[in-house]
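The values are calculated or read from the model by the stated rules, or taken from the named source; none is laboratory data. All figures in this text were calculated on a predicted structure; none of them were measured in a lab. Glycine gets a Cβ as well: all are built from the backbone with ideal geometry, and neighbour counts include every protein chain shown. Surface accessibility is based on the protein's heavy atoms, side chains included, excluding ligands, DNA and RNA. Shrake-Rupley method; radii C 1.70, N 1.55, O 1.52, S 1.80 Å.
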Amino acid sequence: MEILLALVIGGAFGAVLDRVGASNPNVIGRMLALTNLNLMKAILLAIGTGSVLMFAGQMLGIVDVGHMSVKAAYLGVLVGGLLLGFGWALAGYCPGTGLVAAGAGRRDAFAFIAGGLLGAAAYMATYPAVKATGLLDSILGGKVTLGTVPGADYAALTGLPGDVLGIVLGLVFVVVAFMLPERVVRRDTRLPAE
């Protein structure tokens, strides 16, 4: 039953990603060039809504905190994030949107997926060397959260209740999604003067 539920939820999520244009590298490129922020608005709205629902569910006892996992902070996350952002801008896909695009039949997405698998294999092959650099050593206290999480043993950066903080930050994301303009940079469509 869990596998079936995961397939249904994953299929629905993929359909929504395709519907908002996240499987189209041209839409992603326009978002990153700040000429069309509709996709960014959808992403912020989804993150904010998910955050509000998850943390409200924790407060109401519907979502078990024991199923949540906090990852340790380390310098490799920053380096990996920069590489992911560079790759996203270059290819027009992130790992999730690349799979959705492949499901939608975009042939270039298959090349992207192959490159991602090759990159993962290269990382696995070089993992001992990467680990030796210290990039994977915990920083900033390792596994910490912004606010205290009831029922969890994680250290918190603030004394604020994590559930309330998660709801507030989620609402901030929702408000920002609605306040963002459609574009920041205007594209000049006029022909250059001769």
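Highest mobility in the GNM of the chain, judged by mean-square fluctuation with C-alpha springs under 10 Å and restricted to Gly50, Gly147, Gly80, is found for Gly80. Projecting the Cα positions of Val16, Leu34, Thr145 onto the charge dipole of the chain (unit charges on Cβ atoms of Lys, Arg, Asp and Glu, taken about the Cα centre) puts Leu34 furthest along the positive direction. Based on the Stokes-Einstein relation at 4 °C and a viscosity of 1.567 mPa s, and on the Kirkwood radius from alpha carbon pairs, the chain is assigned a translational diffusion coefficient of 66 µm²/s. Determine the relative contact order of the range 54-125: mean sequence separation of Cα pairs under 8 Å and six or more apart, normalised by residue count, in whole percent. Here the relative contact order equals 15 percent. Taking every protein chain into account, the 1.4 Å probe leaves Ser23 with about 10 Å² of accessible area, to the nearest ten. The distance from the alpha carbon centre of the range 1-48 to that of the range 56-101 is 14 Å, rounded to a whole number. Using a probe of 1.4 Å, the accessible surface attributed to Met68 totals some 70 Å² when neighbouring protein chains are kept in position.
The range 89-164 gives an Rg/Rh value of 1.19, both radii derived from C-alpha positions and Rh following Kirkwood.
Split the accessible area of the chain by element, probe 1.4 Å, and carbon with sulfur accounts for 71%. Taking other residues whose beta carbon is less than 15 angstrom from the beta carbon of Ile113, and scoring Lys, Arg as +1 and Asp, Glu as -1, yields +1.
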